[in-house]
Amino acid sequence: MKSLSSIYLGIFLLNCLVWYWVAVGGPRSYLNLYFMDIGQGDSALAILPGGVKILFDGGPDKSLLNDLGKILPATDRRIDLVILSHPQADHFTGFISLLDRYEVSYFIWNGRQGETESWKSLASALKEKHVNTLRLMEGDGIKYRESEIKFLSPDETELGDTELNNTVLAAELFSGGVKTLFIGDIGFDVERRLAGKYDMNIDILKVAHHGSKYSSGDEFLAEATPAVSVIQVGKNTYGHPTKDALDRLAAIGSAIYRNDLAGTVHIEADEGRLNIFKER
Amino acid sequence: MRAYDIAFYISFSFIVGIGIASLSLNFFLVAAVAALVWWVKDGRFFWGCMVLLSLLFGSFYYHFYHSENKQNFPLDEQITFEAVVSGYPKSGLTDQQLDVALQKPYGGEVRLYVPLYPEFSYGEVLIITGKITESASGRLHYVNHPLIKDTGLNGGSYLRLKLFSFKESLVTKIFRVLPEEKAAFLSGLLFGERAEFSDSFVTSLKNSGTTHLVALSGYNISIITVGLGSVFAYFTKRRTAFWLSVLFVIAFVIMTGAEESVVRAAVMGIVFLVSRQNSRLYSVRNAITLTAAIMLLLNPDLLVFNVGFQLSFAALIGLVYIQPLLKELLQRLLKVKAEGGFLNWRENALQTASAQFAAFPIIIGTFGYFSPWSLLANVLILGLMPITMFLGFVTVVLGLISYHLSLLAAWITGLFLGYEIFIINLFGNISS
């Protein structure tokens, strides 16, 4: 009799657990942005109000699995959109391991083939897992409830450029009442074109090229005026982030957050208000 | 003289002989000292000669082994060679580590550090172009980021290939239901897979003195054996149960790749169990010496050049010889209880202390520091290890049957894993 009642108790407790998951697992009503501390490379997760998850770039290795494991519950193994800025190893390598552990609904890229051995591994992984792929460029966009993504580059000439950093699929995210700009590794030339063509005025900037001195130019920053700038940077031999870039960001009064100093940077955006959390 | 004493002295002098050769000591000097000690202690001529012969054999065997397993390749020179991936590749968070066996005209083993992708697997035949470098200690040869061409051929053993892929599928079951950090820790506990640990976690393990938990040590294996033993004991006689669980451990060892470290752990785990079952001290002494002698027969380099080998034997000697002394000391002189307590923490503390006491000189000598918090960290964790490993095992087995059942088991396992990771990080950060 005693063992029977403990079985009932066990079942009851497991029931509580499952209902607890159902209760707290629901989507939030505000935007959650995570600029993940994945070393020298880019990777940011956006969870839109309503629950759609978008991953902007995958970082240089498997580190993003560690960060995703901390952000998402163990049962949540779906990423709705994966957006690759451009086919360089420090931006796409993490996607290969991601495909092993997570179900990815759409892989969005600029259509430009990568030139390294690991790119072939990504291509075969995408094929093997039957991931839908979409080639997008300037002028394309995605809408979900009140959120929207607009792609600002590349145009035809940029896409054919021999410099891969100029082929970046730049994405402007409107969500949680703020504008966030993801611009991969673009340099002065593309920055200037974007600043000239679009009304930039943004709130959060994923600083271009890990704080390289050939990015984040004065003209562009004067147009963009981000309140918050996040530099995705880790240990490297290039001297990133450079003093030049940091000075220019400081000159426009932007608050600078660096992954190498702050760890993962988590931003909640609710109707234009920002809450920013540093991991360390 | 009794047979067990003879066996002990002969295998012990074989070990000493290997020690002489690997440290390049003067053989005749040591032999003279040994002869003198023997004359004073025992004095029988025939057995004295046997001991000296065994000493000579150990020393000879060391050199013989090295002439047979010669490494044959030029250092610091750009060469192209064919090699077979000879062990289970370690795919870490940032790079891959491959151990390959060189094919003719070259010979020996080298380690390759290569990017994460493309991924390589056991048995693949590769054509490698690069520079072989010697590590600072001179014990390891490696090639950094060589140019690799895959021939598409496979030169591995069929059995190992199958067992590796079975293990891989079990590890995948863990990662499917637990978040990355916990999953990595659990696969360390159950399978000794450490490749996917983050750098900060590895540092925490080191600083808190808990690395042995994930090294698939004799400890883990003895937990598996004891656990299985009690399950089997429910159905059969105690003695049958013991042998059944030993059989299971052997199967487990083959599955994890039968790599040197795992074989050592299994032998140690079994010896540890025997020593617990059997309180006659001479049999434990003999078991330890014979195990060491057999392992050294397989690879005589272990004795002087492998810290893992030294640490596991030191720890075992601590458990067998120092623990009873400490226990007596506590009970008789200080009138403190040395058994029981919540989750048997007193015994765990005593075990950790004795093992560390014996390993202390090696730890200080090799690593140059000692983690002052390790006793506390270990006591807080060790009591929960058996249940954690059991639940982890259940999670994996359920994973073979049903994802959702496995998920529930994983949630419970995750509570324990979370606590243990928290303790490791806590003491890891204090000590750094």
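Each value in this text was obtained by applying a stated rule to the coordinates, not by laboratory testing. These figures come from a predicted structure and were not determined experimentally. We place every Cβ from the backbone using ideal geometry, glycine too, and count neighbours over all the protein chains shown.
Which order, highest average first, do A:57-70, A:178-191, B:44-57 follow once you tally other Cβ atoms within 10 Å for each residue and take the mean per peptide?
A:57-70, A:178-191, B:44-57
Among B:F73, B:G308, B:A184, whose Cα lies farthest out toward the positive end of the dipole of chain B, if unit charges sit on the beta carbon of Lys, Arg (+1) and Asp, Glu (-1)?
B:G308
Could you work out the Kirkwood radius for region B:113-232, taking every pair of different alpha carbons, averaging 1/r and inverting it, reported in Å?
17.4
Using a Förster distance of 51 angstrom, determine the FRET efficiency expected from the C-beta separation of B:W345 and B:I250, and round it to 0.05.
E(calc), rounded to 0.05, equals 0.95.
If the viscosity is 1.306 mPa s and the temperature 10 °C, what Stokes-Einstein diffusion coefficient in µm²/s follows for region A:152-280 when Rh is the Kirkwood radius over Cα pairs? Kindly include the intermediate steps, with their values, before the conclusion.
Numbers: Rh = 14.9 Å.
It comes out at roughly 107 µm²/s.
Against the 2.2 N^0.38 Å scaling, with N counting residues, where does chain B land? I'd like the Cα-based Rg ratio to two decimal places.
Values: Rg = 23.4 Å, N = 432, 2.2 N^0.38 = 22.1 Å.
Dividing the Cα radius of gyration by 2.2 N^0.38 Å gives 1.06.
Output the peptides A:257-268, B:231-242 sorted from most to least packed, where packing is the average of other Cβ atoms within 10 Å over each peptide's residues.
Output ranking for A:257-268, B:231-242: A:257-268, B:231-242.
Of the beta bridges DSSP finds with both residues in the protein assembly as shown, what % are antiparallel, to the nearest 5?
Expressed as a percentage, antiparallel bridges in the protein assembly as shown total about 70.
Which whole number in µm²/s is D for chain A by Stokes-Einstein, with the Kirkwood Rh taken over Cα pairs at 25 °C and 0.890 mPa s?
126
Rank by packing, highest mean first: peptides A:142-151, B:328-337, B:204-213, with packing defined as the count of other Cβ atoms within 10 Å averaged across residues.
Highest to lowest by the protection proxy: B:204-213, A:142-151, B:328-337.
What is the projected area of the convex hull of the Cα atoms of region A:9-99, averaged over all directions, in nm²?
Reported value for the Cα convex hull: 6.5 nm².
Using only the Cα atoms of region B:1-99, what are the Rg and Dmax in Å?
20.8, 61
For helix A:117-128, what angle does its Cα long axis make with the longest principal axis of chain A, in degrees from 0 to 90 and rounded to 10?
That works out to roughly 50 degrees.
Just subtract the alpha-carbon distance of B:L23 and B:E168 from 0.36 nm times their residue separation and send over the number in nm, one decimal.
This chain segment gains 48.2 nm when fully extended.
If I model a spin label at B:S67 and A:A23 as a point 7 Å from the Cα along the Cα→Cβ vector, what separation in nanometres do I get?
According to this spin-label approximation, the distance is 7.7 nm.
Only helices at least 18 Å long along their axis, Cα-based, and averaging -1.0 or more on Kyte-Doolittle count here, so list those DSSP H runs from chain B.
Counting only whole DSSP H runs, the qualifying helices are B:3-22, B:27-41, B:45-68, B:158-177, B:218-235, B:238-255, B:260-277, B:281-298, B:345-367, B:385-401, B:403-431.
Across peptide A:66-72, how many C-beta atoms of other chains are within 10 Å of each residue C-beta, on average?
Average neighbour count from other chains, rounded to a whole number: 4.
Can you pull the mean other chain C-beta count within 10 Å for peptide A:95-105? Please report the intermediate quantities before stating the final value.
Working: counts 0, 4, 7, 0, 0, 3, 5, 0, 0, 0, 0.
Mean number of neighbouring Cβ atoms from other chains: 2.
Averaged over peptide B:170-179, how many Cβ atoms belonging to another chain are found within 10 Å of each residue's Cβ?
Values: counts 0, 0, 2, 0, 0, 5, 4, 3, 2, 11.
Mean inter-chain Cβ contacts per residue within 10 Å come to 3.
Rg and Dmax in Å for the protein assembly as shown, alpha carbons only: what are they?
Both quantities, over Cα of the protein assembly as shown: 29.8, 100 Å.
Within straight cross-link reach of B:K237, meaning Cα distance under 25 Å, which lysines are found once same-chain residues fewer than 8 apart are removed?
Leaving aside lysines fewer than 8 places away in the same chain, none come within reach of B:K237.
Go through A:K53/A:K143; A:K70/A:K129; A:K150/A:K213; A:K143/A:K179; A:K120/A:K150; A:K120/B:K149 and tell me which ones have a Cα-Cα distance over 18 Å in this structure.
A:K70/A:K129; A:K150/A:K213; A:K120/A:K150
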